Amino acid sequence: VAGMTWRRVASVVAMGLSFIAGVGPSAARSPAPDVAATVQTLTRDSRWTQVSATPLQFDAFHPQGMVKIGDDIFVSSVEILERTRLYPERRGGFDRDQGKGQGWLFKLNARGELLARLKLGDGAMYHAGGLDFDGRYLWVPAAEYRPGGPSILYRVDPRTMTAVEALRVDDHIGALARDPGGRALVGVSWGGRRLYAWSVDREGRVRGPARSVANRSQYIDYQDCHGVGAGQILCAGVAYYRPARDRPPLALGGLELIDISTLRPIWQAPVQAWSPAGAAMTSNAAVFEATATGLRGYFIPEDGRGALYIYDVGAAGR
């Protein structure tokens with residue numbers, strides 16, 4: 001998007017277009033509602049085909065969320081300094097201690113090179129979760145790294161990489177999504193077991209109280225969510241199933257399209273794609289765009305100096 005002002009870029013993204021560099025000719029993203037429509041053509045027989053795998057040129061720690069703005073990619077991540085430890089019995093309603101760590105927001109290019117970084121969190125609230133972009137702000141949570149722990153919801157200016165605390169929540173918010181056509185901010189709890197929805201005004205201020213419902217879907221835990229227009233969000237996630245005690249678990253990834261008005265799933269589909277090391281592509285950060293023939297997914301499924309994977313899947317009837 002050389003020669004375009006940031007205001008113009010933000011306007012284009014807000015209309016649901018994204019220009020991706022470094023993976024061949026720049027591809028325009030179809031209007032966001034097309035993502036939702038395409039997702040609803042996916043089945044368990046849909047075949048995901050790898051387009052590229054770009055090694056990251058820095059330690060991304062434990063990636064959680066990803067969005068793309070113009071030529072830039074933003075990734076939220078957790079740097080674990082001391083892992084949480086399970087209690088023999090629950091203490092104060094918690095099943096584990098807080099551990100220690102740092103939350104990060106990374107800005108990188110399509111070659112996997114780090115351009116900038118921003119530390120997020122406050123004390124034990126260092127788990128930077130899945131994030132989204134509304135055309136003006138990035139929305140990123142930072143929570144205690146345990147179920148039920150409190151969270152801070154941040155509003156970040158991607159131009160300056162500065163964060164403003166928007167709200168504190170008395171639950172672990174693992175991912176945030178913004179409805180690009182409305183005023184809703186949707187959060188998902190640890191594993192996506194509970195969904196929340198807040199109102200956001202024109203200035204980006206979060207208004208409470210939140211609507212909240214238990215998630216009726218159980219087969220995956222949500223990792224990263226994004227608004228896709230038409231009053232819907234798309235969540236990607238993973239669950240681990242162990243066929244036998246003496247065998248390693250199977251990582252199954254999937255997508256769930258959720259209606260914001262009811263906070264209920266509309267469509268579910270597995271993503272049968274794994275990294276060479278066996279990580280499901282939707283294990284961590286993931287974001288999607290519509291193409292002329294279906295859907296394109298961008299994934300960072302592994303920790304550390306992993307890779308940015310790009311996969312395509314065809315829509316039914318195309």
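The values are calculated or read from the model by the stated rules, or taken from the named source; none is laboratory data. Predicted, not measured: the structure shown is a model, and the values here were computed from it. A quick note on method: Cβ atoms are made from the backbone with ideal geometry, for glycine too, and the neighbour counts reach across all protein chains shown. The protein model used for the area step is the full one, side chains on, heavy atoms only, and it has no ligands, DNA or RNA in it. Shrake-Rupley method; radii C 1.70, N 1.55, O 1.52, S 1.80 Å.
Summary of computed values
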quantity	calculated
Identity of the residue in region 284-305, open to solvent by 10 Å² or more (accessible area, probe 1.4 Å) and small (Gly, Ala, Ser), that ends up nearest to Ala251 (Cα to Cα)	Gly304
Meets criteria (closer than 16 Å to Gln50 by Cα, open to solvent by 40 Å² or more (accessible area, probe 1.4 Å), modelled with pLDDT under 95 and more than 14 Å from the chain's Cα centre (by Cα)) for Ala277	yes
First in region 180-204 and farther than 14 Å from Leu263 by Cβ, second anywhere and in a loop (DSSP other than H, G, I, E, B) and at pLDDT 95 or above, Cβ under 6 Å, 6 or more apart	Trp190/Pro147; Trp190/His172; Gly204/Tyr137
Residues of region 203-222 classified as within 17 Å of Ala280 (Cβ to Cβ) and surrounded by fewer than 12 Cβ atoms within 10 Å (Cβ to Cβ), total	1
Segments classed as strands (runs of 3 or more DSSP E), wholly inside region 55-142, with at least 1 members that are free of Cβ contacts under 8 Å to residues at least 40 places away in the same chain and farther than 18 Å from Asn284 by Cα	72-82, 86-91, 100-108, 114-120, 125-128
Region 223-246, residues that are assigned to a strand (DSSP E or B) and buried (at least 21 other Cβ atoms within 10 Å of the Cβ)	Gln223, Asp224, Cys225, His226, Gly227, Gln232, Ile233, Leu234, Cys235, Ala236, Gly237, Val238
Single match in Arg159, Arg193 (criterion: under 28 Å from Arg96 (Cα atoms), open to solvent by 10 Å² or more (accessible area, probe 1.4 Å) and either in contact with a Gly (Cβ under 7 Å, 6 or more places away or on another chain) or not hydrophobic (A, V, I, L, M, F, W, C) (or both))	Arg193
Filtered residues of region 44-54 (kept if touching a residue at least 12 places away in the same chain (Cβ under 8 Å), among the charged types (D, E, K, R) and either part of a strand (DSSP E or B) or over 14 Å from Gly297 (Cβ atoms) (or both))	Arg44
Among the residues listed as Gly191, Gly174, Gly181, Gly227, the single one being within 18 Å of Ser76 (Cβ to Cβ) and at pLDDT below 95	Gly191
Hits in region 190-226 - residues which are among the aliphatic types (A, V, I, L, M) and more than 20 Å from Ala163 (Cβ to Cβ)	Leu195, Ala197, Ala210, Val213, Ala214, Ile220
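Conditions tested, residue by residue: (1) surrounded by fewer than 23 Cβ atoms within 10 Å (Cβ to Cβ); (2) farther than 23 Å from His226 by Cβ; (3) within 18 Å of the chain's Cα centre (by Cα).
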| site | (1), (2), (3) |
| --- | --- |
| Arg96 | yes, yes, no |
| Gly103 | no, no, yes |
| Glu113 | yes, yes, no |
| Gly123 | yes, yes, no |
| Leu131 | no, no, yes |
| Asp134 | yes, no, yes |
| Tyr145 | no, no, yes |
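So that you can scan it fast, the table gives a plain yes or no per residue for (1) part of a strand (DSSP E or B); (2) open to solvent by less than 20 Å² (accessible area, probe 1.4 Å):
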| residue | (1), (2) |
| --- | --- |
| Tyr154 | yes, no |
| Arg168 | yes, no |
| Ala177 | yes, yes |
| Gly181 | no, no |
